[in-house]
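Before any comments, here is the structure.
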Amino acid sequence: MALKMKELMLATGESKSTILYYVKEGLLPQPQKPKPNVHLYDESAVDIIRFIKYLQHNFSYSISEIKAIFAENNFRSGESFEMMVNALELISGAKENRWYSREDFLEVAELSESELAHYVKKGLLFERAKGFSAKELEVVEILKRAKALGLDGSLLDHYVQAAQTLAREEFAMGAKMMKANPDAHTQHYELFFDLLLTLKPYLCNMHTVREYQKQYQEEK
């Protein structure tokens, strides 16, 4: 179903100037123009605009950052769960504005090839499509400090095992969610990202805080 500009404005709560700006920036497809002064927008524009607003309000993304996500992911409302997973990877690393080739990363991180291979094999570091980002560099520094202080490596192994278990459950949940209600594309994206990027870290951190408080009170 095609929507006139006024209908699209009512459905999304966005102004005409904002919608035209999204079209100009390539975030929305060009409207059909069956008659002079009549512009008809595909109904998918509603989901796309809602997703743009979600990224801006929940993750403070700029238009240029959203354009990068759309460009690399060919975002279109209604596509598969695989597209949603790809978008998650881009959102997780989209604000990393510095990327390193494998060779450069080894030099900057002051790692040997064998050390890097060890971390990658254990699931503590990941080489992504663009190589290694500033986030991987930050993780390396944490791993080095943990090693220097003699931290028991079993804790890191437990992190990886827990992450892998959660990842399998999250994938199953996401796939089931998309299959059960394939028409609610934007809602799926928003819930999926909120669960993984907001709720999961919150629960992990708060349970850690509560456990520390509990152990502290028991020792008093």
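The values are calculated or read from the model by the stated rules, or taken from the named source; none is laboratory data. If you're wondering where the values come from, they're calculated on a predicted model, not measured in any experiment. Here the Cβ is made from the backbone with ideal geometry for all residues, glycine too, and neighbour counts use every protein chain on show.
Across region 28-38, the number of residues qualifying as at pLDDT 90 or above and either closer than 19 Å to ALA68 by Cβ or surrounded by 16 or more Cβ atoms within 10 Å (Cβ to Cβ) (or both) comes to 2. Checked against (1) surrounded by fewer than 19 Cβ atoms within 10 Å (Cβ to Cβ); (2) assigned to a strand (DSSP E or B), MET9 passes all but a single condition, namely (2). Looking across region 12-27, not a single residue is surrounded by 14 or more Cβ atoms within 10 Å (Cβ to Cβ), among the polar types (S, T, N, Q) and not in a helix (DSSP H, G or I). One residue stands out in region 28-61 among those that are β-branched (Val, Ile, Thr) and out of contact with any strand residue (DSSP E or B) (no Cβ under 8 Å at 6 or more places or on another chain): the one that is nearest to MET5 (Cα to Cα), namely ILE49.
Could you tell me whether GLU211 is modelled with pLDDT of 95 or more and loosely packed, with under 13 Cβ neighbours inside 10 Å? No; evaluated as a whole, the condition is false for this residue.
Apart from one condition, GLN56 fits all of (1) farther than 22 Å from ALA68 by Cβ; (2) surrounded by fewer than 16 Cβ atoms within 10 Å (Cβ to Cβ); the exception is (1).
State whether one or more residues within region 129-143 are closer than 14 Å to ARG102 by Cα, of a type outside the set (A, V, I, L, M, F, W, C), in contact with a Leu (Cβ under 7 Å, 6 or more places away or on another chain) and modelled with pLDDT under 95. Taking every residue of region 129-143 in turn, at least one turns out to be closer than 14 Å to ARG102 by Cα, of a type outside the set (A, V, I, L, M, F, W, C), in contact with a Leu (Cβ under 7 Å, 6 or more places away or on another chain) and modelled with pLDDT under 95. Restricting attention to region 135-156, does a residue exist that is surrounded by fewer than 14 Cβ atoms within 10 Å (Cβ to Cβ) and of a type in the set (S, T, N, Q)? Checked region 135-156: at least one residue is surrounded by fewer than 14 Cβ atoms within 10 Å (Cβ to Cβ) and of a type in the set (S, T, N, Q). Report the residue count in region 187-209 for those that are free of Cβ contacts under 8 Å to residues at least 60 places away in the same chain and not basic (Lys, Arg). Matching residues across region 187-209 total 13.
Of all residues assigned to region 2-20, none qualifies as being touching a Gly at 6+ places or on another chain (Cβ under 7 Å) and either assigned by TED's automatic domain parsing to the domain that holds SER64 or over 17 Å from ILE63 (Cβ atoms) (or both). Checking each residue in region 58-72 for being at negative phi and either outside any helix (DSSP H, G or I) or of a type in the set (Asp, Glu) (or both) picks out TYR61, SER62, GLU65, GLU72.
On the given criteria, is TYR61 within 21 Å of GLU14 (Cβ to Cβ), touching a Leu at 6+ places or on another chain (Cβ under 7 Å) and at pLDDT 75 or above? Spelling it out, TYR61 is indeed within 21 Å of GLU14 (Cβ to Cβ), touching a Leu at 6+ places or on another chain (Cβ under 7 Å) and at pLDDT 75 or above. Consider LEU125 carefully, then state whether it is free of Cβ contacts under 8 Å to residues at least 24 places away in the same chain, more than 24 Å from LYS200 (Cβ to Cβ) and in contact with an Asp or Glu (Cβ under 9 Å, 6 or more places away or on another chain). So LEU125 does not fit the description; no.
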